[in-house]
Amino acid sequence: MHEQSNLIITSDKLREGVKSYKHVFIDLDDTIWDFHANARLSLKEIFENRNLDKLFEDFEHFFKIYAKRNLELWEMYGKGEVTKEFLMVERFRHPLAVMGVDNVKLAAEIGDEFLEILPTKTTLLPYSIELLDYLQSKYSLTIISNGFVEVQYKKLRACNLEHYFSHIVLSEAAGALKPDKRIFEYALELNKATANEAIMIGDSYAADIIGAINAGIDQIFLSQKFDTKKNTATYWVKELREIIDLL
């Protein structure tokens with residue numbers, strides 16, 4: 001690894017060196033596909049096309065309100081507290097309502113437009129392709145994502161990423177959302193693998209890392225910051241390129 005201080009070993013078996021894995025599970029959004037950058041591009045396009053500057057001070061004002069509510073809704077969705085349909089509309093109804101326009105029909109239209117534009121964007125995190133090229137030569141790769149079926153496949157195809165993966169496991173098909181261990185067990189079953197043969201790469205501690213821990217699978221946490229006093233992970237990296245040295 002480029003920074004040995006990032007290495008966190010929590011398994012006795014790993015104290016003697018990196019375990020020999022056969023399968024690598026990878027989150028998609030903000031792990032490989034840059035969701036934050038692509039969402040901003042898509043929303044800015046909608047903001048300008050729909051002249052939302054008549055309601056908001058500027059795009060940043062709109063985006064700040066949207067992003068906060070969207071994060072809350074995804075956390076609720078992950079816990080099964082709201083439906084997919086509610087999330088898709090509410091994340092746009094809320095910022096409109098804050099500005100005095102409580103229009104569910106308009107929010108639904110914007111939501112549909114967002115889902116059409118978003119998966120056409122192709123910004124990836126740095127070193128994504130280099131990592132996937134490397135991993136594909138050594139392991140069987142599987143996407144595990146809570147994202148919506150109609151969006152995730154379009155993202156992969158737009159970026160020409162689909163061919164890297166033996167399986168694409170989405171929560172709607174698996175019947176469980178990360179961090180529920182059932183989605184990871186579903187991925188193991190598809191790969192005819194045991195938990196100790198796989199490792200999970202993801203940027204969300206709550207969904208990817210906790211979920212993998214729940215399923216008995218080792219993890220690589222992708223994050224600029226990590227509180228080692230409060231949390232645990234098999235490995236922690238700041239950049240995708242570090243994983244090439246690790247695996």
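Pairing each residue of segment 78-89 that is within 17 Å of Ser145 (Cα to Cα) with any residue that is in a loop (DSSP other than H, G, I, E, B), provided the two are 6+ apart or on different chains, yields C-beta distances under 8 Å for Gly78/Asn146; Gly78/Leu177; Gly78/Lys178; Gly78/Pro179; Gly80/Leu177; Lys84/Phe148. Here Glu57 does not qualify as among the charged types (D, E, K, R) and either assigned to a helix (DSSP H, G or I) or touching a helix residue (DSSP H, G or I) at 6+ places or on another chain (Cβ under 9 Å) (or both). Tallying residues that are over 17 Å from Asp112 (Cα atoms), surrounded by fewer than 16 Cβ atoms within 10 Å (Cβ to Cβ) and in contact (Cβ under 8 Å) with a residue 24 or more places away in the chain within segment 44-74 yields 0. For Leu73, the criteria (1) farther than 22 Å from Lys54 by Cβ; (2) out of contact with any Lys or Arg (no Cβ under 6 Å at 6 or more places or on another chain) hold in every case but one, which is (2). Given the criteria in contact (Cβ under 8 Å) with a residue 12 or more places away in the chain and over 29 Å from Leu115 (Cβ atoms), does Glu197 qualify? Yes: the conditions hold for Glu197. Look at segment 201-219: where a residue is farther than 17 Å from Asp29 by Cβ and a partner is of a type in the set (Lys, Arg) and at pLDDT below 95, sitting 6+ places away or on another chain with Cβ atoms under 7 Å, you get Asp218/Lys19.
Among the residues making up segment 128-157, those that are surrounded by fewer than 16 Cβ atoms within 10 Å (Cβ to Cβ) and part of a loop (DSSP other than H, G, I, E, B) are Ser137, Lys138. Of the residues making up segment 123-130, one or more are closer than 24 Å to Trp74 by Cβ and polar (S, T, N, Q).
For (1) hydroxyl-bearing (Ser, Thr, Tyr); (2) modelled with pLDDT under 95; (3) not in a helix (DSSP H, G or I), each residue gets a yes or a no:
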position: Val169; (1), (2), (3): no, no, yes
position: Leu177; (1), (2), (3): no, yes, yes
position: Glu189; (1), (2), (3): no, no, no
position: Met200; (1), (2), (3): no, no, yes
position: Ala212; (1), (2), (3): no, no, no
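For segment 74-127, the tally of residues that are among the small types (Gly, Ala, Ser), farther than 30 Å from Ile243 by Cβ and assigned to a helix (DSSP H, G or I) stands at 4.
Answer with yes or no whether Val104 is surrounded by fewer than 19 Cβ atoms within 10 Å (Cβ to Cβ) and modelled with pLDDT under 95. No: the conditions fail for Val104. Among the residues of segment 181-200, those that are over 23 Å from Trp236 (Cβ atoms) and among the charged types (D, E, K, R) comprise Arg182, Glu185, Glu189, Lys192.
The set of residues from segment 158-167 being assigned to a helix (DSSP H, G or I) and without any contact (Cβ under 8 Å) to a residue 24 or more places away in the chain comprises Glu162, His163. Which one of Lys22, Lys13 is more than 21 Å from the chain's Cα centre (by Cα), modelled with pLDDT of 95 or more and in the same structural domain as Ile210 (by TED's automatic domain parsing)? Answer to the selection: Lys22.
For Glu90, are the conditions met, namely being of a type outside the set (Phe, Trp, Tyr) and more than 19 Å from Glu48 (Cα to Cα)? Against the criterion (of a type outside the set (Phe, Trp, Tyr) and more than 19 Å from Glu48 (Cα to Cα)), Glu90 qualifies. Of the residues Tyr21, Tyr66, the single one that is hydroxyl-bearing (Ser, Thr, Tyr) and closer than 29 Å to Ala198 by Cβ is Tyr21.
The values are calculated or read from the model by the stated rules, or taken from the named source; none is laboratory data. Keep in mind that this is a model prediction, so the values were computed, not measured. Ideal geometry is used to build each Cβ from the backbone, glycine not excepted, and the neighbour counts take in all protein chains shown.
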